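Visitor: Okay, handing you the structure first.
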Amino acid sequence: QVQLVESGGGLVQAGGSLRLSCTASGRSFRFYTVGWYRQAPGKQRELVAHITGDGTTNYTESVKGRGTISRVNAKNTVYLQMNSLKSEDTAVYYCTTNVSGRDYWGQGTQVTVSS
């Protein structure tokens, strides 16, 4: 069993920055891929970025150059640093991982960007 807890969301002005955190408990997820997704009102959930167990990263086109995903295995935490935030980044952000064939999701953290 894995529990994921996101934090770090909030209200920020356009052009600002936030760092989101995803902390796992229940077991170490250091060897697993962890993804950040987001869901804006009325839209489907979309992948923002993911990081593999060996640190390989991938980003959706809309956040390339503005987002950085990283992990600190000693803290069992994955971060998503978002810079130059835009109103279209407003969404609930979720982290997820798959362990032994089962998907785990956090409860989400709201990011609201005011223009």
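The values are calculated or read from the model by the stated rules, or taken from the named source; none is laboratory data. As the structure is a prediction and not an experimental result, all values here were calculated from the model. Cβ placement follows ideal geometry from the backbone for every residue including glycine, while neighbour counts extend to all protein chains displayed. Keep in mind that these areas ignore ligands, DNA and RNA; they rest on the heavy atoms of the full protein, side chains included. Shrake-Rupley method; radii C 1.70, N 1.55, O 1.52, S 1.80 Å.
Visitor: Once you put a point 7 Å from the Cα of Q107 and another 7 Å from the Cα of S84, both along the Cβ direction, what distance in nm separates them?
Guide: Between Q107 and S84, the simple spin-label model gives 3.4 nm.
Visitor: Using 0.36 nm per residue, how much length does the chain from E46 to Q3 gain when fully extended, once their Cα-Cα distance is taken away?
Guide: The E46-Q3 span can extend by a further 13.4 nm.
Visitor: How high is the FRET efficiency between N58 and S25 when r is their beta carbon distance and R₀ equals 25 Å, given to the nearest 0.05?
Guide: My answer for the efficiency is 0.50.
Visitor: Starting from the 7 Å offset along Cα-to-Cβ, what nm value, one decimal, do you get for the label separation of N73 and T33?
Guide: With each label point 7 Å from Cα toward Cβ, the separation is 1.8 nm.
Visitor: Compute the distance in nm between two label points, each set 7 Å from the Cα along the Cα-to-Cβ direction, one at S100 and one at A14.
Guide: 4.8 nm
Visitor: Also: Taking +1 at the Cβ of each Lys and Arg and -1 at the Cβ of each Asp and Glu, which of V111, Y37, V72 sits farthest along the dipole of the chain towards its positive end, judged by Cα position relative to the Cα centre?
Guide: The Cα lying farthest towards the positive end belongs to V72.
Visitor: If you count the DSSP beta bridges with both ends in the chain, what percent of them are antiparallel, to the nearest 5?
Guide: 90 percent
Visitor: A follow-up question, please. To the nearest 10 square angstrom, how much accessible area does L4 have with a 1.4 angstrom probe?
Guide: For L4, the solvent-accessible surface is approximately 10 Å².
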